[in-house]
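Asker: Take this structure, written in structure tokens, and hold onto it; I'll ask about it next.
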Amino acid sequence: MYKTPAETTAFFEKFLPLVAQSTHAEILICPPFVDIAAAVAAASGSRVAVGAQNCEYRKEGAYTGEVSPAMLKAAGCAFVIIGHSERRQYYGETDATVLLKTKAALANGVKPIVCVGELLAEREANKTSEVLATQFSGGIGGLSAEEFAQIVIAYEPVWAIGTGKVATPEIAEDAHKQIRALAAAKFGAEAAAKVRILYGGSVKPDNVKGLMAQPDIDGGLVGGAALDAVSFAGIVNF
């Protein structure tokens, strides 16, 4: 929950020249709903895509404060983040709603980035594998093979976000490997090899290289370090 429309425009003006030659990766920015129009206008003609941070699974109706995937698509969003740890933690998102939102996004031509990950208490209780399996089966596992082929997965170790605790590249890789194994068991080895799994645990310019060197980490879901144009460009251009 950062930046006004004017601040969003200023961010893009500073950021786009820094990544103009960055053809090695897809670049996506997911601002708050009120900033989407400004972001889409600012990103026009560039390689940077725009997405949203959340969506409602219902098509329309008396759901005050919610935004549907069709609205996001019409506003210029190519992606939407679904089931982010903060949505689960603060707003009661469940694996069931994650599945409904994922299917709704796909039905409206918006690519979902589906988040999974464990809390600190779960990590300390050695329940990481159990939590990932539960979240996968309750959410992503309910997709068809065709639907699964269109999503992106993001692993968020909630315990490593803003706590001072750090997930080493090896710890992150282990979780990504577990998620890919879950995907292989459900959708087959080829589908599991193709799906992109992003890492979302305090990615910064100074740790991105080690993370991206891991075989099962395919990109980053960047939070605080993406608020500054120079910082985010440093991650993109690691």
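No lab work stands behind these numbers, since they all come straight from the coordinates. Keep in mind that what you see is a predicted model, and the values were worked out from it rather than measured. Using ideal geometry, Cβ is built from the backbone for each residue, glycine included, and neighbour counts are taken over all protein chains shown.
Asker: Could you work out how much longer the chain between Glu26 and Lys177 gets when fully extended? Use 0.36 nm per residue separation minus the Cα distance between them, nm to one decimal.
Answerer: Values: separation 151, 0.36 × 151 = 54.36 nm, distance 2.19 nm.
Stretched out fully, the Glu26 to Lys177 stretch lengthens by 52.2 nm.
Asker: Would you mind getting me the FRET efficiency between Leu120 and Lys59? Use the beta-carbon distance for r and R0 = 45 Å, nearest 0.05.
Answerer: So the FRET efficiency works out to roughly 0.75.
Asker: With 19 Å as the limit, write out which pairs from Lys59/Lys101; Lys73/Lys101; Lys59/Lys103; Lys3/Lys101; Lys14/Lys73; Lys14/Lys209 have Cα-Cα distances beyond it, or answer none.
Answerer: Beyond 19 Å between Cα atoms: Lys3/Lys101; Lys14/Lys73; Lys14/Lys209.
Asker: At Ser44 and Glu130, where each label point lies 7 Å from the Cα along Cα→Cβ, what is the point-to-point distance in nanometres?
Answerer: That separation, rounded to one decimal, is 5.3 nm.
Asker: Specify which residue in the list Gly139, Ala70, Ala6 is farthest towards the positive end of the charge dipole of the chain, using unit charges on the beta carbon of Lys, Arg (+1) and Asp, Glu (-1), about the Cα centre.
Answerer: Ala70
Asker: Another one. Work out the FRET efficiency for Gln89 and Ala191 from their Cβ-Cβ distance, taking R0 = 30 Å, and round it to the nearest 0.05. Could the numbers behind the result be given before it?
Answerer: Working: r = 29 Å, r/R0 = 0.98.
Result of the calculation: an efficiency of 0.55.
Asker: With charges only on Cβ, +1 for K and R and -1 for D and E, what is the dipole size of the chain about its Cα centre, in debye, rounded to 20?
Answerer: It comes to approximately 320 debye.
Asker: Enumerate the lysines that Lys165 could reach by cross-link, defined here as Cα to Cα under 18 Å, with residues fewer than 8 away along the same chain left out.
Answerer: Cross-link targets: Lys127, Lys204.
Asker: Could you identify which residue out of Pro112, Pro169, Pro215 has the top mean-square fluctuation in a GNM of the chain using Cα springs shorter than 10 Å?
Answerer: Result: Pro215 has the largest fluctuation of those listed.
Asker: To continue, here is another question. So for the pair Glu7, Lys165, with labels modelled 7 Å out along Cα→Cβ, what separation do we get in nm?
Answerer: For the pair Glu7/Lys165, the computed spacing is 3.0 nm.
Asker: Over region 72-178, calculate the relative contact order: mean separation of alpha carbon pairs under 8 Å at least 6 apart, over the residue count, as a percent.
Answerer: The normalised contact order for region 72-178 reaches 29 percent.
Asker: Right, another one. Once you have the Cα-Cα distance between Ser137 and Ala75, take 0.36 nm times their residue separation minus that, and quote the gain in nm to one decimal. Can you show the working numbers first?
Answerer: Numbers: separation 62, 0.36 × 62 = 22.32 nm, distance 3.14 nm.
Taking 0.36 nm per residue and subtracting the Cα distance, the gain is 19.2 nm.
Asker: Set Lys and Arg Cβ to +1 and Asp and Glu Cβ to -1, take the dipole of the chain about its Cα centre, and tell me which of Thr23, Gly219, Tyr199 lies farthest positive.
Answerer: The Cα lying farthest towards the positive end belongs to Thr23.
Asker: Nothing charged except the Cβ atoms of Lys and Arg (+1) and of Asp and Glu (-1): what's the magnitude of the dipole of region 97-238 about its Cα centre? Round to the nearest 20 debye.
Answerer: That gives a dipole near 260 debye.
Asker: Here is a further query. Relative contact order for the chain using alpha-carbon pairs under 8 Å, separation at least 6, rounded to a whole percent?
Answerer: 16
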